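Accompanying notes for the structure given below.
The values are calculated or read from the model by the stated rules, or taken from the named source; none is laboratory data. Keep in mind it's a predicted model, so treat the numbers as computed, not measured. Every residue, glycine as well, gets a Cβ built from its backbone with ideal geometry; the counts of neighbours run over all protein chains shown. Heads up: the accessible areas ignore ligands, DNA and RNA and are worked out on the full protein's heavy atoms, side chains in. Shrake-Rupley method; radii C 1.70, N 1.55, O 1.52, S 1.80 Å.
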Amino acid sequence: MRKLGPGRLVIASHNAGKVREITELLGPFGIEPVSAASLDLPEPEETGTTFLSNAELKAVQAADLSGLPALSDDSGLCVEALNGDPGIFSARWAGPDKDFGLAMQRIWQEVAAKGPDAGHDAYFICALVVAWPDGYTMEFEGRIDGRLVWPPRGDQGFGYDPFFVPNGHEQTFGEMEPAAKHAMSHRARAFELLKERLL
Ligand code: IMP
């Protein structure tokens, strides 16, 4: 088992929302986050069939190309009535223009097409992988359960946040202050595990 000391850590993601959240979560640990974009690292094709396998291929490639430890995040929204879709395809359902308004509409319509008994239960998953240039990796996964609402509400956060209310709450992730989301999100839960083991 390894530890992550102070120093540079590549954030192997081209998603500005994720890079911002990960930077905030790493804030207190003396780690200097470096974005994949600032190193001109390519965005690998996500050929894995699970969140963890996609996170692993992103972190391994970034560590290999940069010569630095790298942290990746593969995450997404899974809708129970759609058998877990869009899941690992969460970003791809938004299309090349990354139009999450359209993706949320598609999900809502597909759930409606399942009939009046289809529920709106959903969960977010976040898989985090840290990879070192020698190929060693460590993985962590977090989940938060909740429900979808229509219409989407709030302009905080990113992606599907305005569409998702975590269990026990009334506000969507899009309406919450970032600190409130960070106290409970799938990413925060995966991060708790990472902190216990690595920091
Ligand atoms: P990928 O992991 O880069 O393939 O993309 C995951 C996609 O899932 C993102 O583009 C978001 O649309 C969605 N997603 C992941 N985490 C969150 C979150 O915390 N809030 C809202 N959407 C998220």
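So, in the range 6-18, exactly how many residues are open to solvent by less than 50 Å² (accessible area, probe 1.4 Å) and more than 11 Å from the ligand (Cβ to nearest atom)? Write out each step before concluding.
First pass over the range 6-18, keeping only residues open to solvent by less than 50 Å² (accessible area, probe 1.4 Å): 7, 9-13, 17-18.
Applying the additional criterion that residues be more than 11 Å from the ligand (Cβ to nearest atom) yields 7, 9-11.
Summing the residues that are open to solvent by less than 50 Å² (accessible area, probe 1.4 Å) and more than 11 Å from the ligand (Cβ to nearest atom) in the range 6-18 gives 4.
Please find, among LEU77, LEU71, LEU57, the residue that is within 12 Å of the ligand (Cβ to nearest atom), of a type in the set (A, V, I, L, M, F, W, C), touching a residue at least 40 places away in the same chain (Cβ under 8 Å) and within 30 Å of ASP121 (Cβ to Cβ).
On the way: LEU71 fails: within 12 Å of the ligand (Cβ to nearest atom); LEU57 fails: touching a residue at least 40 places away in the same chain (Cβ under 8 Å).
Matching residue, one of LEU77, LEU71, LEU57: LEU77.
State whether the residues of the range 33-54 include one that is within 14 Å of the chain's Cα centre (by Cα), hydroxyl-bearing (Ser, Thr, Tyr) and closer than 23 Å to PRO96 by Cβ.
No, because not a single residue in the range 33-54 is within 14 Å of the chain's Cα centre (by Cα), hydroxyl-bearing (Ser, Thr, Tyr) and closer than 23 Å to PRO96 by Cβ.
For the condition out of contact with any Gly (no Cβ under 6 Å at 6 or more places or on another chain) and either farther than 18 Å from ALA16 by Cβ or more than 14 Å from the ligand (Cβ to nearest atom) (or both), what is the one hit in ALA62, ALA131, ALA103, ALA94?
ALA131
Which residue is nearest to the ligand (Cβ to nearest atom), if the candidates are limited to the range 158-167 and must be more than 12 Å from PHE100 (Cα to Cα) and either outside any loop (DSSP other than H, G, I, E, B) or in contact with a helix residue (DSSP H, G or I) (Cβ under 6 Å, 6 or more places away or on another chain) (or both)?
At the first step, the residues of the range 158-167 found to be more than 12 Å from PHE100 (Cα to Cα) are 164-167.
Checking which are either outside any loop (DSSP other than H, G, I, E, B) or in contact with a helix residue (DSSP H, G or I) (Cβ under 6 Å, 6 or more places away or on another chain) (or both) leaves us with 164-166.
Values: PHE164: 7, VAL165: 12, PRO166: 11 Å.
Only one residue tops the list, namely PHE164.
So in the range 168-199, with the set limited to residues that are basic (Lys, Arg) and touching a strand residue (DSSP E or B) at 6+ places or on another chain (Cβ under 6 Å), which one is nearest to the ligand (Cβ to nearest atom)?
Going through the range 168-199, the residues basic (Lys, Arg) turn out to be 181, 187, 189, 195, 197.
Checking which are touching a strand residue (DSSP E or B) at 6+ places or on another chain (Cβ under 6 Å) leaves us with 187, 189.
Numbers: ARG187: 6, ARG189: 11 Å.
That would be ARG187.
Tally the residues that are in a loop (DSSP other than H, G, I, E, B), without any contact (Cβ under 8 Å) to a residue 60 or more places away in the chain and open to solvent by 40 Å² or more (accessible area, probe 1.4 Å), restricting the search to the range 120-153. Full working, then the answer.
Taking the range 120-153 first, the residues in a loop (DSSP other than H, G, I, E, B) are 120, 132-136, 149-153.
Then keep just the ones that are without any contact (Cβ under 8 Å) to a residue 60 or more places away in the chain; that gives 120, 134, 149-153.
From what's left, open to solvent by 40 Å² or more (accessible area, probe 1.4 Å): 120, 134, 150-153.
Within the range 120-153, residues that are in a loop (DSSP other than H, G, I, E, B), without any contact (Cβ under 8 Å) to a residue 60 or more places away in the chain and open to solvent by 40 Å² or more (accessible area, probe 1.4 Å) number 6.
Which one of the conditions (1) under 16 Å from ILE22 (Cα atoms); (2) in contact with a Lys or Arg (Cβ under 9 Å, 6 or more places away or on another chain) does MET184 fail to meet, given that it meets all the rest?
Among (1) under 16 Å from ILE22 (Cα atoms); (2) in contact with a Lys or Arg (Cβ under 9 Å, 6 or more places away or on another chain), MET184 violates only (2).
In contact (Cβ under 8 Å) with a residue 12 or more places away in the chain, touching a strand residue (DSSP E or B) at 6+ places or on another chain (Cβ under 6 Å) and either among the charged types (D, E, K, R) or not in a strand (DSSP E or B) (or both): is that true of TRP93 in this structure?
Details: in contact (Cβ under 8 Å) with a residue 12 or more places away in the chain: yes; touching a strand residue (DSSP E or B) at 6+ places or on another chain (Cβ under 6 Å): yes; either among the charged types (D, E, K, R) or not in a strand (DSSP E or B) (or both): yes.
Taking the combined requirement at face value, the residue satisfies it.
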